[in-house]
Amino acid sequence: MGLAKRIIPCLDVDNGRVVKGVNFVGIRDAGDPVEIARRYNEQGADEITFLDITASHEGRDTTVHTVEQIAEQVFIPLTVGGGIRSVDDIRTMLNAGADKVSINTAAIVDPELVRRASERFGAQCIVVAIDAKRVADVDGAPRWEIFTHGGRKPTGIDAVAWAVKMAQLGAGEILLTSMDRDGTKNGFELGVTRAITDAVDIPVIASGGVGNLDHLVEGITQGGADAVLAASIFHFGEYTVPQAKAYMAERGIEVRR
Amino acid sequence: MALEEKAQRVAVIDYGMGNLHSVASALAHVGAGEVQVTCDLDAIRAADRVVFPGVGAIRDCMAEIRRLKCDELLAAALTEQRKPVLAICVGMQALMSRSEENGGVDCLDIIPGQVRHFGSAQTGAGGERLKVPHMGWNEVKQSAGHPLWAGIADNSRFYFVHSYYVHADNRDLQAGALHYGVEADAALAIDNLFAVQFHPEKSHTAGLQLLRNFLEWNPAC
């Protein structure tokens, strides 16, 4: 027996409400983030991730307040991401009760932010989020590139090389989202998941595309992920966290029960 | 009829390194009467129990611990007043003699022992690669009985997040063991001090039970 693979429900929060879009269109309202976080805590979720998807446009105060409320009632780790741009932003979220902070675009704009943040707060609380999209293969080998702005803007950066660089700069974990799969319910993009989990020594969370419990299993057994993140399958009551854990355990995956 | 329990005043030592609200709210959640996050000597003296938390890099932590004289606060709680003290994560590591982190940092040497890096390229029992940081829920083997384990099943999972692990010189101090490529001290117990590498405040029911036990712990008995 050893370290359990983690199941992480993700709360995409827009203006203080949990939502989950299909490829970021057709957003459905799923409810109050504090209530939902508490439900997952009671169900035995291993962590909760809170992604503020309005962060680039709106004030941060609502988010800080929501994070404070969640942290007061939820006694499992909480990761907060969305719109984190500076060491001060990270400090604000940690002080509000986040255990980890996820950095995405800001790491692309200023990779040294990852180093500074890791030195100041420790690698354990610095998650680098990577939004990857499959691009034209090179010499027959698949290739994934980082996209920003919800998958709309290419950066030309190779996702696997970027993950390695982020780990070297001091990231403690990688949150890998396939922009091809996010919201599709067709399962993780296992190719990029495997490529990144093989390339780095730090834990990798697979994200984007979970539509059923087999997808969670595949993320771990085929993708090599240390944790699997999902949103809509839990939010809309299709599956509970205990159901997911029981299913994974039956397939030989070590989970916390 | 049990005597009415006195509401416990808990001081959480604050040396400015990150999120102490989780510890404070978890203690309040399990029934602490008053939780003060402080680095004030009088507040520490007035508390019934003291928590010594910590996150972050050890060099910065030690610098702040010494600058704010938290070592003196700890000494007052531990040896002068002999009240129950719970050290968590980097708080535990800071109690040891020395850490390998940041090129080597001298720590408080309250518990003789070392803080070592897990090392890369470790493999588990099944040959799988072990990632560092050691992050997530792992089993803690209760290597010695202790009031803080009351009501917690042996090998319960607790939430860990760390790249360095503690190895006390005196192996009899180990109260909980962690296996992650190497055997590490998940918990150490010495008189009125209990130190844990995991985060009870993030460890759901098992962690909350440990904090509840801490509030009821009377090392003098």
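The values are calculated or read from the model by the stated rules, or taken from the named source; none is laboratory data. Small disclaimer: the values here were computed from a predicted structure and weren't measured. FYI the Cβ positions are ideal-geometry reconstructions off the backbone, even for glycines, and counts take in every protein chain you see. Heavy atoms of the whole protein, side chains included, go into the accessibility calculation; ligands, DNA and RNA do not. Shrake-Rupley method; radii C 1.70, N 1.55, O 1.52, S 1.80 Å.
Quick rundown of the values:
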read-out	value
For the protein assembly as shown, share of DSSP beta bridges that run antiparallel, in % to the nearest 5	45
Theoretical FRET efficiency, 1/(1+(r/R0)^6), r = Cβ-Cβ of A:Glu42 and B:Asp109, R0 30 Å, to 0.05	0.10
Under-5 Å amide H pairs with B:Cys89, H placed in peptide plane, nonlocal only	B:Val196, B:Gln197, B:Phe198
Euclidean distance between Cα centres, segment B:127-196 to segment A:110-132, Å	27
Carbon + sulfur, % of accessible area of segment A:111-232 - ligands and nucleic acids excluded, 1.4 Å	48
Neighbour net charge for B:His29 - beta-carbon separation under 11 angstrom, K R +1, D E -1	-1
Cut-off under 5 Å, modelled amide H: who pairs with B:Val37 long-range	B:Val12
Surface accessible to a 1.4 Å probe, A:Val138 within the full protein complex, Å²	80
Centroid-to-centroid separation of segment B:7-85 and segment A:80-96 [C-alpha atoms, Å]	24
Above-threshold pairs, the threshold being 20 Å between Cα atoms, out of A:Lys5/A:Lys245; A:Lys100/B:Lys202; A:Lys5/A:Lys165; B:Lys83/B:Lys141; A:Lys100/B:Lys141; A:Lys133/A:Lys185	A:Lys5/A:Lys165; B:Lys83/B:Lys141; A:Lys100/B:Lys141
Taking the C-alpha atoms of the protein assembly as shown, convex hull volume expressed per residue in Å³	144
Accessible surface, 1.4 Å probe, highest first, among residues B:Thr79, B:Thr38	B:Thr79, B:Thr38
J(HN,Hα) series, segment A:132-141, from Karplus relation 6.51 cos²θ - 1.76 cosθ + 1.60, nearest Hz, glycine and proline x	10, 9, 6, 10, 3, 5, 10, 6, x, 8
For chain A: rounded, prolate or oblate by the Cα gyration tensor [a/c cutoff 1.5]	rounded
Where A meets B: accessible area buried, both sides, 1.4 Å probe, Å²	2900
Cα-based convex hull, segment A:129-257, per residue volume (Å³, whole number)	113
Simple label model, 7 Å out from Cα along Cβ direction - B:Val37 to B:Ala150, nm	2.9
Estimated FRET transfer efficiency when R0 is 25 angstrom, pair B:Gln81-B:Arg59 (beta carbons, to 0.05)	0.30
Projected label distance in nm at A:Val135 and A:Thr221, using a 7 Å step from Cα toward the beta-carbon	3.4
Sites B:Glu128 and A:Tyr239 - FRET efficiency at Förster radius 35 Å, r taken between beta-carbons, to 0.05	0.85
Calculated P(r) of segment B:63-221 - Cα pairs past 27 Å, %	21
Convex hull volume of segment B:143-211 per residue (C-alpha atoms, cubic angstrom)	89
